[in-house]
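Below is one structure, written out as structure tokens; the observations come after it.
The values are calculated or read from the model by the stated rules, or taken from the named source; none is laboratory data. No experiment lies behind these values; they were computed from the predicted model shown. Positions of Cβ are backbone-derived with ideal geometry, glycine not excepted, and every protein chain shown enters the neighbour counts. Just so you know, the surface numbers come from the protein's heavy atoms only, side chains and all, with ligands and any DNA or RNA stripped out. Shrake-Rupley method; radii C 1.70, N 1.55, O 1.52, S 1.80 Å.
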Amino acid sequence: MNKMKLKIYILFLLLAVTQLVSAQVEFTAQVSKQKLGVNERLRVDFQMNKEGDNFRPPAFTGFTVVGGPSQSVSHSWVNGKRSFSKTYSYILSPSKRGKFTIKQASIEIEGETYKTIPVQIEVTAAVDKPKDSNDPSYVASESIHLVAEVSKTSPYLNEAVAVKYKLYVSPNVNVSNFDFVDNPKFADFWSQNIDAKQFKFDVGTYQGKQYRTVVLRKSVLYPQKTGKLTIEPLTIDVVVDVPTNKRDFFGGRLYQSVRQKIAASSRVINVKSLPEAGKPASFTGAVGEFDFNVTTTKDALKAGESLQAIVKVNGSGNLKLFELPKLIVPSSLEVYEPEHKENIRTNLSGMSGMISDTYTIVPQYKGNYPISQLEFSYFNPKTAQYHTVNSLKHIIEVLTGPTNSDVVMNNDNPVVEKQQVLSGNNQFSSFHTKANLIPMQTNQFFKSNLFWCLLLLPLLIIPIALLVVKRKALIANDVEGNKIKKADRLAKKYLSEAKQNLNSKEQFYESLHKSLHNYLKAKLKIETVEFSKDKIATVFNENSIDSTTTAQFIDLLEACNLARFTPMSSDAMQQDYEKAKQVISAIDKAL
């Protein structure tokens, strides 16, 4: 009997443990991959085995939500045992490279709060995607290509290299919008981007096929290291309208919009070092084609007067990446620190222009003083040779002034044996010390016309001030009118540049798109990487902006993007400008 009771106790104990295990709550975060390229997408599933309330997802820092949340619920019975599963799914697109954390999501189940474990994600540079002819994204990727064109693949150190990122678009598809996602770092280069005032499509060929082409970005690079250097890819997020087999009521082909991230392939260049043979001692790193000279503003002057000596290099090459030779003058001349000036233009062929150092020289003693010849050397990549240029020798003649007994003339060159500062009566002769002063005539003020005017002026100001205060009070009480005026002023402020470009379609829509972007960035803190329709709709909804205004704003953005590829009339441009004013005013009043 005792054995029977013991078996019953053990059986009940096993059933209790089984029930306890089956009642355990599970809430986990699962990702499709933990390492992906910046042009790929990530799926995140938050899964629970019991129904819950108040699900709160994490912020997804470093990613943009392009899909979701979507819910799926699963019920199943296995061997008489019921199982339940509920999943919240998100599709994320990386905003940039780096290591990010999918933070904790939370949910309330049976009065308790449960949280997921954070998941580490690494986003790398763009990767090659597998081919799938049935995938619309693959069709879009085959119709558009981003190519990095490099002017030189084997340049010398500090020689200009031009890089153009060119987008090729197939005639079968249309591009309605694009954003820069991941910009190359150019870590081993001195670089400067050349801003494109407008995007202009042209016709070109890629891999033997005809495409429409547009240059998205141009950069000039000066390599700072030798050997093999990698030019990192540029990645963009582009919306491609892909044709389908469906047609509308009038027989026109319907298009499906596909958001695609594409990247230009990395380019490797081999940077050659400058030859050691024949390198002049005066070479300081100048690479290009240059002219060099030293000039003075005066050849003869008096002691205490000043002159300027200008050391100047002009031409084309790495003008910002080397130093000018230092001026050499006798120690008896007082020389101030030079003023450096630059007048440099940068285009795809590199830097060109002029750099100079201007020295101010003040002689103190009478005599002849030489400015020694300067030597400037540079390397010309076209001839693969060093060139040396010598400046002319200048003699500064000080006509009058005190004589320094310690200056010894040797072959018409003064040599200072000992420095001695002498004071003369004409030490400050270059400054004007005589003033032409005119005696001031005084008139009696008391009981003059001015006296009576000033006396009666307050009696006139008081009633005017009362009227002004009353007017301001009326304006201040008009709350709705003030809101409208403030919103209109804000709209005109952001759209001023667009208004100036109403006579040019490309410049108008480019400046209009920029104005709308700047407004969202200033008012709602929407950054460039988040500038999408879904993000705008979400933020507008959070700030209680009505759906009509939201739709009008998004229509304006689409009009800006569409205008890049289709002709627009001046009436349509004027209508879009007026519509933009109304939309910004409406948003500002809502905020």
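Values computed for the structure shown
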| read-out | value |
| --- | --- |
| Accessible-area ranking of 452, 190, largest first, probe 1.4 Å | 452, 190 |
| FRET efficiency estimate (nearest 0.05) - Cβ-Cβ, residue 499 to residue 226, R0 45 angstrom | 0.30 |
| Backbone HN-Hα couplings from phi across the range 576-591 [Karplus 6.51/-1.76/1.60, Hz, Gly and Pro as x] | 5, 5, 5, 5, 5, 4, 5, 5, 5, 4, 5, 5, 5, 5, 5, 6 |
| Extended-chain gain in nm, criterion 0.36 nm per residue less alpha-carbon gap, residue 154 and residue 122 | 8.2 nm |
| Cross-link table 103/197; 185/312; 298/382; 228/279, entries beyond 29 Å C-alpha to C-alpha | 103/197; 185/312; 298/382 |
| Antiparallel content of DSSP bridges confined to the range 261-418, in %, to 5 | 90 percent |
| Accessible area per residue in Å² at 1.4 Å probe, computed on the range 193-338 | 54 Å² |
| Computed label-point distance, nm, for sites residue 298 and residue 207 using a 7 Å Cα→Cβ extension | 7.2 nm |
| Extended-chain gain in nm, criterion 0.36 nm per residue less alpha-carbon gap, residue 461 and residue 28 | 148.3 nm |
| For residue 105, residues with placed amide H under 5 Å, excluding near neighbours | 116 |
| The range 157-264, accessible surface, carbon-and-sulfur percent (1.4 angstrom probe) | 45 percent |
| Amide hydrogen neighbours beyond the local backbone of residue 206, cut-off 5 Å, H modeled | 211 |
| Surface per residue (accessible, 1.4 Å probe) for the range 348-389, Å² | 37 Å² |
| Nearest-10 value in Å² for the accessible area of residue 291, using the 1.4 Å probe | 100 Å² |
| Inter-probe distance in nm under a simple model that places probes 7 Å from Cα toward Cβ, at residue 344 and residue 282 | 2.2 nm |
| Relative packing of 25-31, 158-164, which averages over residues the other C-beta atoms within 10 Å, highest first | 158-164, 25-31 |
| Most to least packed among 383-395, 165-177 [average Cβ atoms within 10 Å] | 165-177, 383-395 |
| Surface accessible to a 1.4 Å probe, residue 514 within the full protein complex, Å² | 110 Å² |
| Vicinal HN-Hα couplings computed from phi for the range 266-275 (Karplus, 6.51 cos²θ - 1.76 cosθ + 1.60; Hz; Gly/Pro x) | 5, 10, 10, 10, 9, 8, 8, 7, 6, x |
| HN-Hα J in Hz across the range 225-232 - Karplus 6.51, -1.76, 1.60, θ = phi - 60°, x for Gly and Pro | 9, 9, x, 7, 10, 9, 8, 5 |
| Centre separation in Å (Cα based) which lies between the range 273-315 and the range 150-219 | 37 Å |
